[in-house]
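Input: a single structure, listed below in structure tokens.
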Amino acid sequence: MLLEARELTKRYGEQTVVDAVSFDLEAGDALALIGPSGCGKTTTLKMINRLVEPDAGEVRLGGRSARQTPAHEWRRRIGYVIQSSGLFPHRSVAENISVTPHLLGWEKRRIAAKVEALLDMVGLDPADYADRAPADLSGGQRQRVGLARALAGEPDLLLMDEPFAALDPVTKDALIEDIIRLRERLKFAAVIVTHDFSEALRLAGRVAVMDGGRIAQIGPVCELIAAPATDTVRALLDAPRRTARAVASAFAGSLEGPTAVSTLGAGQGAGVGARLGAGE
Ligand SMILES: Nc1ncnc2c1ncn2[C@@H]1O[C@H](COP(=O)(O)OP(=O)(O)OP(=O)(O)O)[C@@H](O)[C@H]1O
Ligand SMILES: [Mg+2]
């Protein structure tokens, strides 16, 4: 097992914002974390990479407990992508991507090759982008660089916190396809926080719905659709179901090609998700 979260709990004052959250993730597997604003998704991710210390429970990575591992060593095995990309504004694109390889003590030549390969993989021409400042990029390009930076240390696990929230639908779609390809190629596991079931379907085999700091239900999307465990899960599925119906009727007869998954009806999409999930 790559990642084991056991009874993770975080309190702020009187409020328990994450309450005994447990889940497992196999190497190369992906889990989407969905739930209403304030339900504890970001806090859960931050406990996994130890930006936030849990009050109770523990995280294990590759069988080792966080308590037995120095924090800097732990974090280098985990890539982290956030909504606003979080790039260092005064460093170039190449320097931003090099941060973790530098900390790992890689040779200059290996770092340069890595930067170039990753920029290629996220669809940015190294000759054009390597020396630019983050301010001279579009939001979508910044997210791509953030993704390249998170993968530069060849992590076993990538944490993504609403990585597409600020992007237009076309840019978002392209980035989702890039992440799917990168995962096929580099085989890293991922936990992805999203508000969107269609993103979850495309990116992850399993979904965990959080509500009030707890996991309301965890499993393949098709299982959630077939038997939602709580009213929150049911409500979260209603919006994508309505969207899927509208999209399916508008696109009737033209559902083909590589982009078809996102335009399928909820039931059909779930089948595809299950097949993708089964392959993980
Ligand atoms: N440092 C902190 N001090 C006090 N309360 C906090 C702190 N960080 C988070 N919280 C509270 O914990 C709860 C969970 O926050 P968290 O950021 O994990 O939610 P989230 O599910 O990521 O929400 P969103 O979808 O809006 O990003 C919220 O009520 C938030 O106000
Ligand atoms: Mg959040």
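Structure values in brief
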| item | result |
| --- | --- |
| Filter result (farther than 16 Å from Ala32 by Cα, hydrophobic (A, V, I, L, M, F, W, C) and surrounded by fewer than 19 Cβ atoms within 10 Å (Cβ to Cβ)) within segment 148-203 | Ala166, Val170, Ala174, Leu186 |
| Pair list, Cβ under 6 Å, 6 or more apart: segment 148-177 residue under 16 Å from Ala204 (Cα atoms), other residue within 16 Å of ligand 1 (Cβ to nearest atom) and assigned to a strand (DSSP E or B) | Leu159/Tyr80; Leu159/Val191; Met160/Val81; Met160/Ile192; Asp161/Ile82; Asp161/Val193; Glu162/Val193; Pro163/Val81 |
| Members of segment 159-194 that are within 16 Å of ligand 1 (Cβ to nearest atom), of a type in the set (A, V, I, L, M, F, W, C) and at pLDDT 95 or above | Leu159, Met160, Val191, Ile192, Val193 |
| Out of Pro240, Pro228, sole residue that is free of Cβ contacts under 8 Å to residues at least 40 places away in the same chain and either more than 30 Å from Gln15 (Cα to Cα) or part of a loop (DSSP other than H, G, I, E, B) (or both) | Pro228 |
| Residues of segment 229-280 that turn out to be of a type in the set (Gly, Ala, Ser) and at pLDDT 60 or above, as a count | 12 |
| Residue within segment 39-47 that is modelled with pLDDT of 95 or more and part of a strand (DSSP E or B) present | no |
| Residue list for segment 36-68, restricted to those being at positive phi and either under 16 Å from the mean Cα position of the chain (by Cα) or away from ligand 2 (no atom under 16 Å from the Cβ) (or both) | Gly40, Arg50, Gly57, Gly62, Gly63 |
| Some residue of segment 55-77 being within 16 Å of ligand 1 (Cβ to nearest atom) and either under 30 Å from Ala135 (Cβ atoms) or at pLDDT below 95 (or both) | no |
| Residue satisfying all of: in segment 195-218; of a type outside the set (A, V, I, L, M, F, W, C) and farther than 30 Å from Glu154 by Cβ; nearest to ligand 1 (Cβ to nearest atom) among these | Gly213 |
| Extreme residue, modelled with the lowest pLDDT, among residues of segment 118-137 that are part of a helix (DSSP H, G or I) and exposed (fewer than 15 other Cβ atoms within 10 Å of the Cβ) | Asp120 |
| Looking only at segment 13-34, and only at residues there that are touching a residue at least 12 places away in the same chain (Cβ under 8 Å) and more than 26 Å from Leu151 (Cβ to Cβ), the one that is nearest to ligand 1 (Cβ to nearest atom) | Val17 |
| Flag if Ala204 is out of contact with any Asp or Glu (no Cβ under 9 Å at 6 or more places or on another chain), under 17 Å from Leu45 (Cα atoms) and not β-branched (Val, Ile, Thr) | no |
| Residue satisfying all of: in segment 69-93; crowded, with 21+ Cβ neighbours inside 10 Å and away from ligand 2 (no atom under 16 Å from the Cβ); farthest from the chain's Cα centre (by Cα) among these | Val93 |
| Any hit, segment 27-39, residues being among the hydroxyl-bearing types (Ser, Thr, Tyr) and buried (at least 16 other Cβ atoms within 10 Å of the Cβ) | no |
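The values are calculated or read from the model by the stated rules, or taken from the named source; none is laboratory data. Here the structure is a predicted model, which means the values were calculated and not measured. Quick reminder, even Gly has a Cβ in these numbers, built from the backbone with ideal geometry, and neighbours come from all protein chains shown.
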